[in-house]
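Worksheet: one structure, shown below.
The values are calculated or read from the model by the stated rules, or taken from the named source; none is laboratory data. Fair warning: this is a prediction, and the values are worked out from it, not measured in the lab. Don't worry about glycine lacking a Cβ; one is built from the backbone with ideal geometry, like all the others, and counts go over all protein chains shown. Heads up: the accessible areas ignore ligands, DNA and RNA and are worked out on the full protein's heavy atoms, side chains in. Shrake-Rupley method; radii C 1.70, N 1.55, O 1.52, S 1.80 Å.
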Amino acid sequence: MSRDGTVSSDVGVKRSAYSAAAHARTALRLFAIAIGAASLAACAQSSVVSQRSQALASRPALIEPTRTAASPAHTRVAVARTHTPYASRKKPDDSKIASQGLASFYSEGQQTASGEKFDGRELTAAHPTLPFGTRLRVTDVKTGRSVTVRVNDRGPYVPGRIVDVSYSAAQSLGMVGKGVANVRLDVVE
């Protein structure tokens, strides 16, 4: 407390440093709250998106194959219906032709899109749109050999192909040596 005011100026410097630190802490807290709110909003958004995609995946699928130069002109579309308002005059079939085109097989993989572990010894298949668990009868058009598989994966991702079957299903169809086969898909269940 000298008369020249040096003590009072030291107190003023300390007060201004304290208030700057307090403002910085407040700004940091507000920034942390904003980041936390944004991440919570992102989590909520992603769970809504995943619930919607699960709901869409569990719906009956309408199969509309893309037409390319490699796909045949004659393709019928299978429609899974849960309710028929009027009685059908035709005798109901056990299956409907879903599509016809090239099939390939795969024998390696860790996990399927349905979450199951891939097993090449099982009669399974990858299809781009059919719901998981759908049973398909895959028939080689040329030889007439057929096998019933269960859809548990997504694919194929090669243009012009309509289904990927497991290695054991490919053996049943006799297509292991060729790698691909022209097949007809019939939805069984």
Which residues does a label at ARG145 reach in segment 155-175, if reach means a backbone N under 20 Å from a point 7 Å past the Cα toward the Cβ?
162-175
Segment 131-186: chymotrypsin sites (Phe, Trp or Tyr not before Pro) falling in loop per DSSP and having at most 16 other Cβ within 10 Å:
TYR157
On full extension of the chain, what length is gained from ALA24 through ARG135, given 0.36 nm per residue of separation minus the C-alpha to C-alpha distance?
33.7 nm
Largest to smallest accessible area among VAL158, VAL147 [probe 1.4 Å]:
VAL158, VAL147
Under 13 Å, Cβ to Cβ, from SER172 - net charge with Lys/Arg +1 and Asp/Glu -1:
+1
Result for segment 97-189: accessible area per residue, probe 1.4 angstrom, in square angstrom, of 48
